[in-house]
Amino acid sequence: MSPVRRNPLRDPQDRRLPRIAGPCSMVLFGVTGDLSRKKIMPAVYDLANRGLLPPGFSLVGFARREWEDQDFAEIVRDSVKAHARTEFRQEVWDQLAAGCRFVQGEFDDDDAFATLRDTLEALDEERGTGGNHAFYLAIPPSLFADVVHQLKRHGLAENPDSWRRVVVEKPFGHDLTSARELNDILAGVFPSGSVFRIDHYLGKETVQNVLAMRFANTMFEPLWNSHYVDHVQITMAEDIGIGGRAGYYDGIGAARDVIQNHLLQLMALVAMEEPASFEADQLRIEKEKVLSAVVLPRSLTRSTARGQYAEGWAGGEKVRGYLQEDAIPADSTTETYAAITLHVDNRRWAGVPFYLRTGKRLGRRVTEVAVVFKQAPHLPFGEHSTEQLTQNAMVIRVQPDEGLTVRFGSKVPGTSMEIRDVSMDFVYGGAFTESSPEAYERLILDVLLGDPPLFPRHEEVELSWKILDPILEHWAGQGAPEPYEAGTWGPESATEMLARDGRTWRRP
Ligand code: BG6
């Protein structure tokens, strides 16, 4: 047998399906931000460490700082050491560091972009990056226009012999109108197939598993409709406050920060029909059908809730309220908790409410989708036998404790017929030995491979804003959000919102 030529650095989990990026480089705008340091740089290293980047891969930082290549490489190394998922290996780092470059300048500075162009051309020569460049905009959207116009002006946005792609981070606008404006800016420079909008939830294994679970099995899908499902609860709870993100968060709030993107995407995956294939457009078309079928309840006062965290407890420590956080105006009306009720107006989901909630400084960090089933139409047991039986439920645990729980009734051992809820658990960590890649690893690799299914297209973004805009307008006329104590499960109005429908929120 001839010896197999194998990259010794490749992670064994990827040997089954090697998806390795071809020659390329990535230019990072916004190198000093949290996202770059905590997520993007470590993910690039993790990909290199798993042997999924080409040997000549190069990372170019662009910022105002007076740095040399060496300084930038040190920043990247520090961030990798602090935040990478995989172990630090000197030989991997040396190879990556050799491709680190830094270009100093403002976003409206012509000379700096000319230098960027020269730098990329030099990398093509020295490291064989083949003219393939991804431009990652980890910067506020107000700066997108400057950057993409400069890329165009300096001939960086397209090239007939190689690929050019732009990666954009949320927020994709503030409302429908601004999302369209943002899209026009991008579309004026990059063809739609070259724009990659990051919603990092779609990079999570457990979110992709919603599709595997629904469409690779026979036993769930027959129940996945209004005949059997009573309602769906989608929760993304965080125990952290806004930390040092006042500048980004205030005026944005929980609904724009999380519901417009992560939670509506999750809902679309839960509610959509089976796509004809996993081709990007097929998947996106099905998600878009769900989003276009969403209707809001008539009374937004009764079917939504918003709150703002007040002083309380987190991790055994006393914590400040939102209004006392650094750089937050004392009269801010930004919500840190949002809950909304949506209906999907189609045959499959008629009459099934989808409750979406998210908040900061809640009881604990957990993201889950709970599909709660209707009660059995008839219970042929004695009067008290089923007092402790609630509704069957299937809970997709997105994070932490990734996995799936099915809750159903079982006989309690003993001489009488007493039936009580029990749970059956699938735990990722128990079933698979490999740890899951970080969402950003998967998504950055997909950008470099030009693989778009996990990136929402503009139509989805527009549809999400169409859902949210009326709610935001309604809230804008309502004054301050209801305070809730840090460390609890949100404002009283959220509990009442479900109580009106005769339901309660799950305590995850
Ligand atoms: C981001 C939000 O998109 O998601 C943050 O802007 C939030 O406010 C974060 O903290 C949560 O991400 P994750 O992956 O930790 O659930």
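The values are calculated or read from the model by the stated rules, or taken from the named source; none is laboratory data. Bear in mind that the values here come from a model prediction, so they are computed numbers and not experimental data. Every residue, glycine among them, receives a Cβ derived from its backbone with ideal geometry; neighbour counts consider all protein chains shown. All accessible areas refer to the heavy atoms of the entire protein, side chains included, with ligands and DNA or RNA removed. Shrake-Rupley method; radii C 1.70, N 1.55, O 1.52, S 1.80 Å.
Quick test for you: out of GLU181, GLU221, GLU158, pick the one residue that is among the charged types (D, E, K, R), more than 16 Å from the ligand (Cβ to nearest atom), within 29 Å of PHE432 (Cβ to Cβ) and over 22 Å from the mean Cα position of the chain (by Cα). Break it down into steps so the answer makes sense when it comes.
Values: GLU181 fails: within 29 Å of PHE432 (Cβ to Cβ); GLU158 fails: within 29 Å of PHE432 (Cβ to Cβ).
Result of the check over GLU181, GLU221, GLU158: GLU221.
Using the structure shown, decide if ARG180 is modelled with pLDDT of 95 or more, open to solvent by less than 30 Å² (accessible area, probe 1.4 Å), on the phi < 0 side of the Ramachandran plot and of a type in the set (Lys, Arg). Working first, answer last.
Working: modelled with pLDDT of 95 or more: yes; open to solvent by less than 30 Å² (accessible area, probe 1.4 Å): no; on the phi < 0 side of the Ramachandran plot: yes; of a type in the set (Lys, Arg): yes.
Answer is no for this residue.
Can you pull out the residues in the range 364-402 that are surrounded by 15 or more Cβ atoms within 10 Å (Cβ to Cβ), within 16 Å of the ligand (Cβ to nearest atom) and at pLDDT 95 or above?
Hits for the range 364-402 are VAL366, THR367, GLU368, VAL369, ILE396, ARG397, VAL398.
I'm trying to understand the selection: among the residues of the range 422-478, which are more than 30 Å from SER303 (Cα to Cα), of a type in the set (Gly, Ala, Ser) and crowded, with 18+ Cβ neighbours inside 10 Å?
Of everything in the range 422-478, those that are more than 30 Å from SER303 (Cα to Cα), of a type in the set (Gly, Ala, Ser) and crowded, with 18+ Cβ neighbours inside 10 Å turn out to be SER436, ALA439.
Regarding the range 297-314, can at least one residue be identified that is among the polar types (S, T, N, Q), within 16 Å of the ligand (Cβ to nearest atom) and in contact with a strand residue (DSSP E or B) (Cβ under 8 Å, 6 or more places away or on another chain)? Don't jump to the end; show me each part of the working.
Taking the range 297-314 and keeping what is among the polar types (S, T, N, Q), we get 299, 301, 303-304, 308.
Filter again for within 16 Å of the ligand (Cβ to nearest atom), leaving 308.
Those still in the list that are in contact with a strand residue (DSSP E or B) (Cβ under 8 Å, 6 or more places away or on another chain) too: 308.
Yes, there is a match, as at least one residue in the range 297-314 is among the polar types (S, T, N, Q), within 16 Å of the ligand (Cβ to nearest atom) and in contact with a strand residue (DSSP E or B) (Cβ under 8 Å, 6 or more places away or on another chain).
In the list ASP94, ASP118, ASP108, ASP78, which residue meets the criterion of being modelled with pLDDT under 95, charged (D, E, K, R) and open to solvent by 70 Å² or more (accessible area, probe 1.4 Å)? Break it down stepwise before answering.
Details: ASP94 fails: modelled with pLDDT under 95; ASP118 fails: modelled with pLDDT under 95; ASP78 fails: modelled with pLDDT under 95.
That would be ASP108, the only listed residue that is modelled with pLDDT under 95, charged (D, E, K, R) and open to solvent by 70 Å² or more (accessible area, probe 1.4 Å).
Go over the candidates VAL207, VAL147 one by one and state the one that is touching a strand residue (DSSP E or B) at 6+ places or on another chain (Cβ under 9 Å), under 30 Å from ASP425 (Cα atoms) and outside any loop (DSSP other than H, G, I, E, B).
VAL207
Taking interchain pairs and intrachain pairs at least six residues apart, which have beta carbon atoms under 8 angstrom, with the first residue in the range 260-284 and within 16 Å of the ligand (Cβ to nearest atom) and the second part of a loop (DSSP other than H, G, I, E, B) and modelled with pLDDT of 95 or more?
ASN261/ASP199; ASN261/PRO456; HIS262/ASP199; GLN265/ASP199; GLN265/PRO456
Conditions first: (1) open to solvent by 30 Å² or more (accessible area, probe 1.4 Å); (2) away from the ligand (no atom under 16 Å from the Cβ). GLY247 passes all but one, so which condition is the exception?
(2)
Being loosely packed, with under 15 Cβ neighbours inside 10 Å, more than 30 Å from LYS152 (Cβ to Cβ) and acidic (Asp, Glu) is the filter here; which residues of the range 183-230 pass it?
The answer is GLU221, and nothing else.
(1) open to solvent by less than 10 Å² (accessible area, probe 1.4 Å); (2) in a helix (DSSP H, G or I): which one isn't true of ILE242, the others all being true?
It fails just one condition, (2).
If we scan the range 406-420, do we find a residue that is touching a helix residue (DSSP H, G or I) at 6+ places or on another chain (Cβ under 9 Å), under 16 Å from GLU368 (Cα atoms) and in the same structural domain as TYR355 (by TED's automatic domain parsing)? Can you show your working first?
To start, the set of residues in the range 406-420 that are touching a helix residue (DSSP H, G or I) at 6+ places or on another chain (Cβ under 9 Å) comprises none.
No, because not a single residue in the range 406-420 is touching a helix residue (DSSP H, G or I) at 6+ places or on another chain (Cβ under 9 Å), under 16 Å from GLU368 (Cα atoms) and in the same structural domain as TYR355 (by TED's automatic domain parsing).
Using the structure shown, decide if ARG214 is modelled with pLDDT of 95 or more and either of a type in the set (S, T, N, Q) or in a strand (DSSP E or B) (or both). Write out each step before concluding.
Working: modelled with pLDDT of 95 or more: yes; either of a type in the set (S, T, N, Q) or in a strand (DSSP E or B) (or both): no.
No; evaluated as a whole, the condition is false for this residue.
I'm checking my understanding of the structure. Among residues of the range 161-177 that are away from the ligand (no atom under 16 Å from the Cβ) and open to solvent by 20 Å² or more (accessible area, probe 1.4 Å), which one is nearest to LEU443 (Cα to Cα)? If you could, list the steps in order and put the result at the bottom.
Our first condition is that a residue be away from the ligand (no atom under 16 Å from the Cβ); within the range 161-177, this holds for 161-166, 175-177.
Checking which are open to solvent by 20 Å² or more (accessible area, probe 1.4 Å) leaves us with 161-165, 175-177.
Working: ASP161: 24, SER162: 20, TRP163: 17, ARG164: 16, ARG165: 13, ASP175: 25, LEU176: 25, THR177: 27 Å.
For the range 161-177, the residue satisfying everything is ARG165.
Pull up the range 449-508, narrow it to residues that are assigned to a loop (DSSP other than H, G, I, E, B) and acidic (Asp, Glu), then point me to the one that is nearest to LYS170 (Cα to Cα). I'd like the intermediate steps shown before the answer.
From the range 449-508, those assigned to a loop (DSSP other than H, G, I, E, B) are 450-457, 477-481, 486-487, 489-491, 500-508; that's our starting set.
Among the residues that remain, those that are also acidic (Asp, Glu) are: 451, 501.
On the way: ASP451: 19, ASP501: 33 Å.
Step by step, filter the range 449-508, then rank; the result is ASP451.
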